[in-house]
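Colleague: Encoded as structure tokens, here's the structure I'll be asking about.
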Protein chains: 2
Amino acid sequence: MRTLYHPNVHDIQLSTVLYALSDPIRLRIIRNLAECGEQSCSTLDISAPKSTLSHHFKVLRESGVINTRIEGTQRFISIRYTDLEARFPGLLTAILQGLRAEEHSKAKK
Amino acid sequence: MRTLYHPNVHDIQLSTVLYALSDPIRLRIIRNLAECGEQSCSTLDISAPKSTLSHHFKVLRESGVINTRIEGTQRFISIRYTDLEARFPGLLTAILQGLRAEEHSKAKK
DNA sequence: TCATTAATTCGATTATAATCGAACAAACGA
DNA sequence: TCGTTTGTTCGATTATAATCGAATTAATGA
């Protein structure tokens, strides 16, 4: 568990990114990261067993959506915003905006 | 099979749309529709058994990505561009652009 | 009415993914 | 070195989805 795999920017695949972001829990993770910036895995406000969260972090990381930085016993995760923007311009912005739009329409009900 | 279910614009869910578009075959369908406009199911240039394609059309339709218009024994499908743009501005554009970008980087290899 | 065309649905199989407890690993501080 | 913290990996289970042949439906035209 010394190094964690992160795909090269140019190897990030659209279908893989879309798949990674099609899960509600993973979308919550991303929304949280977008709002609060880099987070330790444990400070993310999402209730699920550790092993489940770890699984989702892995899916996000291996798809190229997030970066995991190791610091001591902690891992700090953040969105690979620049890389994603370079590879698929406008995609992440639209998705984050979509998340907010969805939240608003839900609140109105 | 008189009427086919299409979600209302405001009921279109981001995670569902992303999921629908995370499959390579479905992305090909969308790319084809974006390039060629409305198509009959049978004129789409994608080689897979009819029942498999029908399944993918259903996923795309029920997620709100495409519209299916019945005309005689044929069904004409098209992207719900206006609806998607209204619900998630910039999303589809970014995805279509991403598909083209991916194609170019593939060609370079 | 009967064959044809175009596509859906059924049903079975296979593949892939989510979930989560338990065991494990790595870094750190006392 | 030993416990603590933080997170990963394993492994089993369950859930969801993809695939596709065969049967079915629905519209149409001869």
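Colleague: Being closer than 25 Å to residue A:20 by Cβ and among the hydrophobic types (A, V, I, L, M, F, W, C), is that true of even one residue in region B:62-73?
Modeller: Yes, some residue in region B:62-73 is closer than 25 Å to residue A:20 by Cβ and among the hydrophobic types (A, V, I, L, M, F, W, C).
Colleague: May I ask you to say which residue of B:93, B:43, B:68, B:52 is touching a helix residue (DSSP H, G or I) at 6+ places or on another chain (Cβ under 9 Å), within 10 Å of DNA strand C (Cβ to nearest atom) and either part of a helix (DSSP H, G or I) or aromatic (Phe, Trp, Tyr) (or both)?
Modeller: Every option except B:52 fails the conditions.
Colleague: Among the listed residues A:47, A:63, A:40, A:78, which satisfies the condition of being within 15 Å of DNA strand D (Cβ to nearest atom), buried (at least 18 other Cβ atoms within 10 Å of the Cβ) and either of a type outside the set (Phe, Trp, Tyr) or closer than 30 Å to residue B:86 by Cα (or both)?
Modeller: Numbers: A:47 fails: buried (at least 18 other Cβ atoms within 10 Å of the Cβ); A:40 fails: buried (at least 18 other Cβ atoms within 10 Å of the Cβ); A:78 fails: buried (at least 18 other Cβ atoms within 10 Å of the Cβ).
Within the list A:47, A:63, A:40, A:78, the selection yields A:63.
Colleague: Which of the residues belonging to region B:50-60 are open to solvent by less than 80 Å² (accessible area, probe 1.4 Å) and either within 14 Å of chain A (Cβ to nearest Cβ) or near DNA strand D (Cβ under 6 Å from one of its atoms) (or both)? Give the derivation first.
Modeller: Let us first name the residues in region B:50-60 that are open to solvent by less than 80 Å² (accessible area, probe 1.4 Å), namely B:52-54, B:56-57, B:59-60.
Once the filter is applied, which keeps residues that are open to solvent by less than 80 Å² (accessible area, probe 1.4 Å) and either within 14 Å of chain A (Cβ to nearest Cβ) or near DNA strand D (Cβ under 6 Å from one of its atoms) (or both), region B:50-60 yields B:52, B:56, B:59, B:60.
Colleague: Considering every residue within region B:1-10, establish whether at least one is open to solvent by less than 30 Å² (accessible area, probe 1.4 Å), touching a residue at least 60 places away in the same chain (Cβ under 8 Å), not aliphatic (A, V, I, L, M) and not in a helix (DSSP H, G or I). Even if it seems obvious, please write down each step before you answer.
Modeller: Kept after step one, since they are open to solvent by less than 30 Å² (accessible area, probe 1.4 Å), are these residues of region B:1-10: B:7.
Retained after the next criterion (residues that are touching a residue at least 60 places away in the same chain (Cβ under 8 Å)): none.
Taking every residue of region B:1-10 in turn, none turns out to be open to solvent by less than 30 Å² (accessible area, probe 1.4 Å), touching a residue at least 60 places away in the same chain (Cβ under 8 Å), not aliphatic (A, V, I, L, M) and not in a helix (DSSP H, G or I).
Colleague: Also: Within region B:11-37, can you find the residues that are open to solvent by 30 Å² or more (accessible area, probe 1.4 Å) and in a helix (DSSP H, G or I)?
Modeller: B:11, B:16, B:19, B:24, B:25, B:28, B:31, B:34, B:35, B:36
The values are calculated or read from the model by the stated rules, or taken from the named source; none is laboratory data. Keep in mind that this is a model prediction, so the values were computed, not measured. Counting neighbours? That spans all protein chains shown, and the Cβs are built from the backbone with ideal geometry, glycine included. Accessible surface is based on the protein model in full, side chains and every heavy atom, while ligands, DNA and RNA are left aside. Shrake-Rupley method; radii C 1.70, N 1.55, O 1.52, S 1.80 Å.
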